[in-house]
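Step one of this worksheet: look at the structure below.
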Amino acid sequence: MLRKTFEHEIQHLRDEIILMGSMVEQSLLDSVAALKKRDVEASREIVQRDNVVNEKRFHLENEVMVIIATQQPMARDLRVLASILEVISELERMGDYAKGIGVINVRMGNEALLKPLVDIPRMAEIGVSMLHRALSAFVNEDVEIARVIPQEDDLVDELYIQVYRELMTYIMADPKNIERANWLLWVAHNLERFADRVTNICERTIFIVTGELFEIGTLKDG
């Protein structure tokens, strides 16, 4: 009976992770769309929405602690629960990146965008796609997909470098562009970090199945 209850509770947590992930995905896409349109009111709503993500994290963390205290999890079970805690934390931080983009849009006030947004929305789309598939791999314990997804982080990094270089040309052309360039650089930075955290989720999927915990980026670079 205990085992059946444990599996039911784990499935519930997995379902909640997918829900939390969808909230974060939507917030990121909405934050970039609001920036592109310079819709400050939409950005304020996104900033407030982050509170729901935070509350979800704390609620799920509490559920995990209750399971640990009451269900006598075994070695693999503990890996699952520890990984769930890590993924919940990663999602909350990713939500902060979406919130941060919203804050930037609000702080820009009436300032026009320095340049049309092309690469930044593309970074957001790739990051959200990566997260969606990474969470699916996590709940299904699909190691093969978890190993492949982090490779796409290279494309996000390349787009970040491209954004950085382009913004530097605007600054060199006119130093008065520094502030507006910095706004967009911080947006791109948030999106780059968002994709990095998807890799962390993939690492946890591999850990659950194999018991091996390592940094995929470190292994790839080596």
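The numbers here are math on the coordinates, done by the rules we state, and not lab data. This is a predicted model, so every value here is computed, not measured. In this analysis, Cβ positions are derived from the backbone assuming ideal geometry, glycine residues included, and neighbour counts consider all displayed protein chains.
Of note:
- When only Cα pairs below 8 angstrom with a gap of at least 6 residues are kept, the range 2-221 shows a relative contact order of 27 percent.
- Annotation: extensible slack from residue 41 through residue 19 equals 5.4 nm (criterion: 0.36 nm per residue apart, minus Cα-Cα distance).
- Largest mean-square fluctuation among 171, 208, 149, in a Gaussian network model of the chain whose springs join Cα atoms under 10 Å apart, belongs to 171.
- Ellipticity estimate at 222 nm from DSSP helix runs (n ≥ 4, -39,500 (n - 2.57)) divided over the chain, nearest 500: -30000 deg cm²/dmol
- Highest-fluctuation residue, 31, 129, 43 considered, GNM on the chain with Cα pairs under 10 Å: 129
- Theoretical gain in end-to-end length, residue 65 to residue 158 [0.36 nm per residue, Cα-Cα removed]: 29.5 nm
- Between residue 89 and residue 210, the simple spin-label model (points 7 angstrom out along Cα→Cβ) gives 2.2 nm.
- Each Lys or Arg adds one and each Asp or Glu subtracts one; over the other residues with Cβ under 15 Å from the Cβ of residue 96, this totals -1.
- Candidates 95, 211, 127: whichever shows maximal mean-square fluctuation once the chain is modelled as a Gaussian network with Cα springs under 10 Å: 211
- Contour excess over end-to-end distance, with Cα ends at residue 168 and residue 118 and 0.36 nm allotted per residue: 16.4 nm
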